[in-house]
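Input: a single structure, listed below in structure tokens.
Just so it is clear, none of the values below were taken in a lab; they were calculated from the coordinates. The model shown is predicted, which means the values in this text are computed figures rather than measured ones. Using ideal geometry, Cβ is built from the backbone for each residue, glycine included, and neighbour counts are taken over all protein chains shown.
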Amino acid sequence: MRLRLKGARVVDPGSIDDYKDIIIFDGMIEAVIDPSSPYPPVMLDSSDPSSVTKGLKSEENDTNYSEAGKIGVDNFPVEEGDTNYSEKGKVEASPTVSGEGYTNCSKEADITEIDLAGMVVVPGLIDMHVHLREPGQEYKETIETGLKAAARGGFTAVCPMPNTNPVNDNAQITAFMVNRAKSLGGTRLYPVGAITRGLKGENLAEYGDMKQAGIVAITDDGRPVENARVMRRAMEYARGLGIPVISHAEDLSLAGDGSMNEGIVATRLGIKGIPNAAESTVVMRDIALAELTGARLHIAHVSCEESVDAIRQGKKRGVNVTAETAPHYFTITDEAVAEYDTNAKMNPPLRTEQDRLAVIEGLSDGTLDIIATDHAPHSLLEKDVEFDRAAFGIVGLETALGLSLQLVNNGSLTFDELIEKMSKKPAALLNINNDIVPGNPADLTIIDPDAFWSVNPETFFSKGRNTPFAGYHLRGEVYMTMVQGTIAYHRTDGGQ
Ligand SMILES: NC(=O)N[C@@H](CC(=O)O)C(=O)O
Ligand SMILES: [Zn+2]
């Protein structure tokens, strides 16, 4: 089936920001054309001047001819030697033209149109940090519910972390995840393998085998690699394989048994704190190790000012380091814990206003390359308990775009910058080509930029309800998520 996405503004940062129609055939982007251009484009036959009109839809006026002449520059594959195309088009711009009754190209012209007036189409969003809990903790989330939540959040691809049970530290588990996702269709899954077997921090996992089975990076996320020599060796192997090492930066001896940010709020609540240095010291160590090994290092879930500073300095020195933060770190602070709300408990913890602003500054000056969710679903069993006994982690897939768009609405980021951070940068880091160009799979996120909606966890497709954002009013919502030309999510009328 051929689809025409009609009437939307198409934004692919660095290459397109314009009103374009996207033609999709067999799951692939076939053409990106001017909204007034006919499709398929007119096939010229000099012996039959009237042929130029065949297959055209009727238009109000005849300006579509000169538009048709422009198709070549609009990525439509114009035949070699077709240089007088536009000239011919002009010649045939006769006022008697009507699309009615022209059936010559009707087979090719059999196009289903999707009206996207008022919407923005962007390259599919990629969330490079999610926890899908399968295998092992399917009561919290499954690959199926996680991928549905991802599609609803506008993500065409996600990267599940290896802290499943069993751990994704071998090719069998990797293959299981990949196959499960393939059998489901919808949002794509690119697993991240473990750095060490069983996430124990001792012996390296088999990166080569896992890479063949589909991993795109390695990490012990959920736990730091405590031993610097182990981390160094991991970086050396990963470098050889051309995959990034993702660091969950945490000094366990400093974090101790803290369960929120160390500071005034923790003192007031009588909760043990985790200082910024528990994160930033390991960020600094891993940047030093990346400098030593030349590996590609990616810092996960950056929460505090000192980490942002360390990454900024590392980048200045030319270290191959990228970093992500999550929407909660630039939206709320440790004040959100005030009612002992376990839905505001995650690792690293929510920090102070100063840190929140430093994270936004890091996003806007490019120090923080990527926005990822760290989607960490838990059940009531782990969350409906005393604060210090509750599990760390919040869900994020279905609120990420809405929360992140607030940075655009309030002028902290441009829309292009946001799409860079939620789509293009993760794609580049993971070697995924999601440019909106003919020949690429039609993995697209369609955003309704002015829709107002409220976060209602009861409507989540995720099994997790553990969000601190319930009741938030947001502007900008996912309208449709398309993966390989198939609709993976479509907002029903009226929003949620
Ligand atoms: N972020 C969290 O608070 N929790 C994550 C682990 C992690 O990303 O460190 C989890 O798996 O629940
Ligand atoms: Zn982590």
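Report the calculated FRET efficiency for N227 and D110 (r = Cβ-Cβ distance, R0 = 56 Å), to the nearest 0.05.
Values: r = 61 Å, r/R0 = 1.10.
Calculated transfer efficiency: 0.35.
With +1 on each Lys and Arg Cβ and -1 on each Asp and Glu Cβ, and nothing else charged, work out how big the dipole of the chain is about its Cα centre, in Debye to the nearest 20.
Numbers: 46 positive and 73 negative charges, 273 e Å.
Dipole of the chain, to the nearest 20 debye: 1320 debye.
What's the extension gain from E236 to A175 if we count 0.36 nm per residue and subtract their Cα-Cα distance? Display every interim value, and only then the final one.
On the way: separation 61, 0.36 × 61 = 21.96 nm, distance 2.42 nm.
That works out to 19.5 nm of additional length.
Among the listed pairs K140/K315; K211/K421; K211/K463; K148/K315; K140/K424; K316/K424, which have their C-alpha atoms separated by more than 27 angstrom in this model?
Working: K140/K315 37 Å; K211/K421 25 Å; K211/K463 29 Å; K148/K315 36 Å; K140/K424 30 Å; K316/K424 22 Å.
From the list (K140/K315; K211/K421; K211/K463; K148/K315; K140/K424; K316/K424), the Cα-Cα distance tops 27 Å for K140/K315; K211/K463; K148/K315; K140/K424.
Determine the gain in length on full extension of the stretch N431-D26; use 0.36 nm per residue of separation and subtract their C-alpha separation, reporting nm with one decimal.
Values: separation 405, 0.36 × 405 = 145.80 nm, distance 2.29 nm.
Answer, rounded to one decimal: 143.5 nm.
When D374, D448 are ordered from fewest to most other Cβ atoms inside 10 Å of their Cβ, what list results?
Fewest-to-most ranking of D374, D448: D448, D374.
Give, in nm to one decimal, the length gained when the segment between Q212 and E353 is fully stretched (0.36 nm per residue of separation minus the Cα-Cα distance). Before the final figure, lay out each step's value.
Working: separation 141, 0.36 × 141 = 50.76 nm, distance 4.34 nm.
This chain segment gains 46.4 nm when fully extended.
Could I have the simple spin-label model distance between Y19 and Q313, label points 7 Å from Cα toward Cβ, reported in nm to one decimal?
Simple spin-label model gives 5.1 nm for this pair.
Using Cβ counts within 10 Å as a stand-in for footprinting exposure, how do R223, R356, R389 rank, fewest first? List each step's numbers first, then the result.
Numbers: R223 17, R356 22, R389 10.
Listing R223, R356, R389 from fewest to most nearby Cβ atoms yields R389, R223, R356.
For K315, K421, what ranking results if the residue with the fewest other Cβ atoms within 10 Å of its Cβ goes first? Don't skip to the answer; put the middle values down first.
Details: K315 18, K421 24.
Neighbour counts put them in this order, fewest first: K315, K421.
Based on the mean of other beta carbon atoms within 10 Å per residue, what is the order of 409-418, 268-277, 326-335, most packed first? Write out the running numbers ahead of the final one.
Numbers: 409-418: 16.0, 268-277: 17.6, 326-335: 22.8.
In descending order of packing, they fall as 326-335, 268-277, 409-418.
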